[in-house]
Amino acid sequence: VLWGLYHGALLNIYAAAKRRKVKLEGHALLLFSILIGWALFASPTIPFASHLFSSMFGLQGIGSLEMIQAYLSPVVVIALTVAFLMTISGYVEAANLPDVRQPVYAFMLGILIVLCILHLNDAASFIYTQF
């Protein structure tokens, strides 16, 4: 229910901003809104959501070094590095992608697909299957 209210509020804010011709195109604002919405959607109870938000904003600390090292497996570090490089290079938007008919892009896409297939069993449970 909270996620629905949040989603409705965001739609109304966007419609009001569009009518007043206010530019709301910040990627950081969009990402922040999406992360808050996901947290609301994934929370089964209000206390869980409250604890999740406090953790998201660092009010619960950053955790132990062992936990951080467990999350930063080599595959995660590679994925974060590729995502960071794509972001600073400007290739994040589909319109900015180079011509993918070159062999090097096909090779890199093939490696990415193989890595995704190999790590399918590592994925967390899909949230939509809980309904």
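Some values worked out for this structure:
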item	result
FRET efficiency for Tyr71 and Phe107, using Cβ-Cβ distance with R0 set to 22 Å, rounded to 0.05	0.15
Length released on extending from Trp38 to Ser54, taking residue separation times 0.36 nm less the Cα-Cα span	4.3 nm
Residues in the stretch 31-70 reached by a label modelled at Ile13 [backbone nitrogen below 18 Å; 7 Å Cα→Cβ]	31-42, 50, 53-54, 56-57
Segment Ser89-Leu120, extension gain: residue separation times 0.36 nm, minus the distance between their alpha carbons	8.4 nm
3J(HN,Hα) from dihedral phi, the stretch 30-39, Karplus parametrisation 6.51/-1.76/1.60, rounded to Hz, x for glycine, proline	4, 4, 4, 4, 5, 5, 5, x, 4, 5
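Just so you know, all these numbers are worked out from the coordinates, no wet-lab data involved. Note that the structure is predicted; figures quoted are calculated from it, not measured. So basically every Cβ, Gly included, is an ideal-geometry build from the backbone, and we count neighbours across all protein chains shown.
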